[in-house]
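First comes the structure, then the notes that go with it.
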Amino acid sequence: MLKKDEQKITRFSITLKLMNLLLLSPHGRSGSLLMHSLFDQHPEVFSLPTFFYYPKWKYHDSTLECINNFIKFYPDIFDISEGYLGVIGKNTTSMFGEKGNENITVSKSLFFENAKNIFRKNLKSGISRKNFIEGIHLAYSQTLGIESKKIKFILLHLHDYKDKSHDFALEDFPNLKYIAMIRDPREDWLSVKT
């Protein structure tokens, strides 16, 4: 017999399209941003334009609170100039355009409406971590105007090795594909020095 929380999770999972997970996990400066951008061009793969911090909760009682917290925690996916692109001490994510003075923004309000629509049956109840991750990626893809029916994989770019993020991802997505990136430690050290 399933516990009460597990019953909610099972019932909700039927409403969302099932997706597979690609987990990109670099060690140090190993070219993961380049790998992330290469996957970002694939029509069947969708990822957020940022590093992802895997939720530690398995089930959350307030879906609406989760959406609001997500928007607050990831300002860089709505205003790219808030982000970081691998150059220490220099914001290179706002250097788009011919003169290097253009920026990319995504509507928070449209994202919020898309997320509310995806999670409409669970706005007043809770949500599982897995369904939240799937739904939040679908909402962002819809906000960008990407046809979500083509998406088969979500790419998560995890940069945290100390917590249990990798374990949580495997628990939620037992068939995930793991991409581990590493570089010669001497090159890591040299790239930080220059």
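How charged is the neighbourhood of Ile67? Take every other residue with its Cβ under 11 Å from the Cβ of Ile67, and add Lys/Arg as +1 and Asp/Glu as -1.
With Lys, Arg at +1 and Asp, Glu at -1, the neighbours total +1.
Heavy atoms only, probe 1.4 angstrom, no DNA, RNA or ligands counted: give me Glu171, Glu44 ranked by accessible area, highest first.
Order by accessible area, largest first: Glu171, Glu44.
What figure in square angstrom, to the nearest 10, would you give for the accessible area of Glu134 with a 1.4 Å probe?
0
The values are calculated or read from the model by the stated rules, or taken from the named source; none is laboratory data. This structure is a prediction, so every number in the text was calculated from the model and none was measured. In this analysis, Cβ positions are derived from the backbone assuming ideal geometry, glycine residues included, and neighbour counts consider all displayed protein chains. To get the accessible areas, we keep the full protein, side chains included, count just its heavy atoms, and leave off ligands, DNA and RNA. Shrake-Rupley method; radii C 1.70, N 1.55, O 1.52, S 1.80 Å.
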